[in-house]
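So the structure is just underneath, and the comments pick up after that.
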Amino acid sequence: MKKLPISIFQLFALISSLIVLSSCDETSEYGYNGDFDQHNFPPFYVSADHQSATLDGILDSNSFSQFNQMLNEHPEIKTIFFDQAPGSVDDDVTAQLGNRIRDLNFDTHIVSNGIIASGAVDLFLAGHNRTRSSNTDIGVHSWVDSDGNEGSVFPPNSSAHDFYINYYLSIGMRSQLANDFYFFTINTADSNSLHFMDESEIQLYEIFTE
């Protein structure tokens, strides 16, 4: 399971408390201005015009049902914005959400000053069109199993890697890219830290579609 250490959670909480989410360019180009509907489905928040939803928080075991309830009430949603998204505590739910987003042909977009990490990166990659505004960060790391074994300690041909690679394939990644990106994530940082991708890595692993 991918998990984030307490120190990283505290970092995201601090960032969230300091950031003011507003951008005229972003509002005009992407339809996002941070105004939410009164009916929300944490960690998803519906835009005032009901055309999009924002992920702001941690994905957990309830997130898939929250997401589906949100879509039942707001079928007009076509884009998922990512604000402060430090990850997930339930990989199965993240995979379910990712496949749902892919099946619905939703777009994903990181808002100005937005940060995605760990399982939130996996979810973001499910978007049909994947875009970003200014000053965004993408953090990746390894998963760790219930015995404390990091993903990087398993041989490359181990079935322990199948869950994540198969997920990347299911959301439309080419086979080589799915393998390359997966092994990059587990070898670049252990489960108690984060590696923030630089621009060359972002381009190499095709994080964005434009």
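The values are calculated or read from the model by the stated rules, or taken from the named source; none is laboratory data. These figures come from a predicted structure and were not determined experimentally. Methodologically, a virtual Cβ is constructed for each residue, glycine included, from the backbone with ideal geometry; neighbour enumeration extends over all protein chains shown.
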Residues satisfying the stated conditions in the stretch 155-199, i.e. under 20 Å from the mean Cα position of the chain (by Cα), part of a loop (DSSP other than H, G, I, E, B) and touching a residue at least 12 places away in the same chain (Cβ under 8 Å): ILE171, GLY172, MET173, ALA189, ASP190, SER191, ASN192, SER193, LEU194, MET197
Tally, over the stretch 86-109, of residues that are crowded, with 23+ Cβ neighbours inside 10 Å, without any contact (Cβ under 8 Å) to a residue 40 or more places away in the chain and either assigned to a strand (DSSP E or B) or touching a Pro at 6+ places or on another chain (Cβ under 9 Å) (or both): 1
Sole residue being part of a strand (DSSP E or B), of a type outside the set (Asp, Glu), modelled with pLDDT of 95 or more and in contact with a Ser or Thr (Cβ under 9 Å, 6 or more places away or on another chain), chosen from SER142, SER152, SER112: SER112
Positions within the stretch 53-85 being over 15 Å from the mean Cα position of the chain (by Cα) and part of a loop (DSSP other than H, G, I, E, B), in sequence order: SER61, ASN62, HIS74, PRO75, GLU76, ILE77, LYS78
